Structures are given as C-alpha cells and as structure tokens.
C-alpha cells in the first residue's frame, strides 16, 4: 500500500470540513479523488436532508459529475431512479472496484455507453442509514496506485464525506433553530431578516409589511396566568399563518407583536391588514388584535422604515378601537 498517497489524501481531505454546502463538499472531494485515487470519472448521489419540521430526506439526486459523466445529469438521474430495482445486484458490488466484464449483464448494459473499464460504488451512511453514494470509474488502466491503496482511499473518502454531510446538516439545524420563535414555531426577527431580501427580490406584485399586536396580553398573563397567555399567542400565530399566501412571511418579534410580509395584488396595506384582524376576531376564542401596515417601496424601502410606518398606523388602530371606531 502506498503510504505517501494515503497520507497526502488524508491531509488534503481535512479541508472538507470547511464546506458549508453539499455541492461545495462534492466538488472538493471530486478534485482530490482525481488527483490521489486516479478516478478520472464519477458522480455523487445524495438524498438531501432538509431541517424543517424535523429532518426530511428528499429524493436521491445526482451531484457534481465529472469525466465521462460530466454534463449528463439527466441520463444519470434516470439510471439512479432505476437503481432501486437493481439493489440486490448492486449490494454485492459495493465498496470495491469491479471490472466492466465482471459485472452482471444488466449492469453492463447501463455502463456500456460510458466506455468505463472499472467502476466502484461506495455508500454514504448516516446513523446506519444509506443517504447516498459515491460512484467512481476509470476509463483507462491505473498503474500508479495499487488496488489496495485505491480501495482504502475510497473507504476513507466515503467515511469522511458522510461525516462532513452530517456536519453541514447539524449547522443547518442550528441555523434554522436560531431563526425560530420557540413558543409559536414562527420565524423570529433574525429569521425574517434572513428571508426578507429573497422575497423582496422575487416578488412580482406588491409587498405589504404589517404589524399585529395581541390586545390585552399583559392583563391575560396577570389575571389568568402565563400558560393562558402563551396559548393565546400560539392561537393567533396559527390563525395568521392560515390566512396568508404560500411564500408570505409570518414572524413573531417578541412579546405580543407579530410581523407579516404579504404578497398583494394591490398597494393597499389597510385592506390586507384589516383582513387579518377580522380573521383573528372571527376564528379565535375571543381574542382581538390591533394592526398596522406599510407598502414596501411606497412607504419605505427598508425594514426599519416600513416598521416605523406600520407601527404608527398600528397605534392609530389602537386609538380608534378605544373610541369604538372601526376603520
């Protein structure tokens, strides 16, 4: 076994822990596999995991193909989709290099169009479950690196990529948690600030920035207890979330204050916010809210300015409510 090759690979692969995204990790690994394991072609298969309402694995997808597989993502994706039908044939072939002529006939038919001499499949594993695979191939003989060394390289590569993917997922879970309000599950201010720029950029209609205050929350907490007040906050959060469009932002800034950023067909903040106020009144257990809104662009082009305008209108709503005036 070539110790210098293994040592060089281990030193280089330390950099993989710096990757913030799976694609970045796969590209780094592909470069190192080409250099140290003489794998002139390959690709990665990964069931991306989303840290939303628990870790939800997505469909197996092809990433970062290189060599003879480059620019053939659609063809490779069809092969990956079919691979589940061949799982009994593929299992004995995993974690080792196998010559083309030694493959089962049905597998040969898959690879014959790529002109490969040998292929290896190494599973990516997290918590004893397969979350993907590294598929590597050679189109010409390899003489510099022994079979034992290149097998050991791939074993190490699969283990380190699996760990690095778990690190990336852990970071995303932590980031997602840092952007959520613990009581209601809504975004918090940090979460809103993270998602707002994308919504502003992509929205083709008008945007309404709105503030919503749960009325008399302090009185409820003082007279009926904080658990009752917490339940009221969760109830309002649920009603607001059910009465906005997909893609709208709903957040809790703390205390009795909620924030929405709504996509609207018209630059009419008053109508949009009044609809939410009525929804809470009609759908809750006797709760009421005060609302105020601002049209993004017309009233301000920053979060701070729209907040100021909406806040002024919210307190006007409170003042009118005390006088018994409905807007």
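Some points to look at:
- Count of the stretch 109-139 residues which are modelled with pLDDT under 85 and surrounded by 13 or more Cβ atoms within 10 Å (Cβ to Cβ): 2
- Complete set of residues in the stretch 240-262 that are surrounded by 19 or more Cβ atoms within 10 Å (Cβ to Cβ) and part of a helix (DSSP H, G or I): 240
- Residue that is nearest to the chain's Cα centre (by Cα) [pool: residues in the stretch 124-144 that are in a loop (DSSP other than H, G, I, E, B) and within 18 Å of residue 36 (Cβ to Cβ)]: 139
- Among the residues of the stretch 145-167, none qualifies, meaning not one is under 18 Å from the mean Cα position of the chain (by Cα), surrounded by fewer than 18 Cβ atoms within 10 Å (Cβ to Cβ) and assigned to a strand (DSSP E or B).
- The set of residues in the stretch 274-306 that are part of a helix (DSSP H, G or I), under 30 Å from the mean Cα position of the chain (by Cα) and surrounded by 18 or more Cβ atoms within 10 Å (Cβ to Cβ) comprises 276, 303, 306.
The values are calculated or read from the model by the stated rules, or taken from the named source; none is laboratory data. Keep in mind that what you see is a predicted model, and the values were worked out from it rather than measured. Counting neighbours? That spans all protein chains shown, and the Cβs are built from the backbone with ideal geometry, glycine included.
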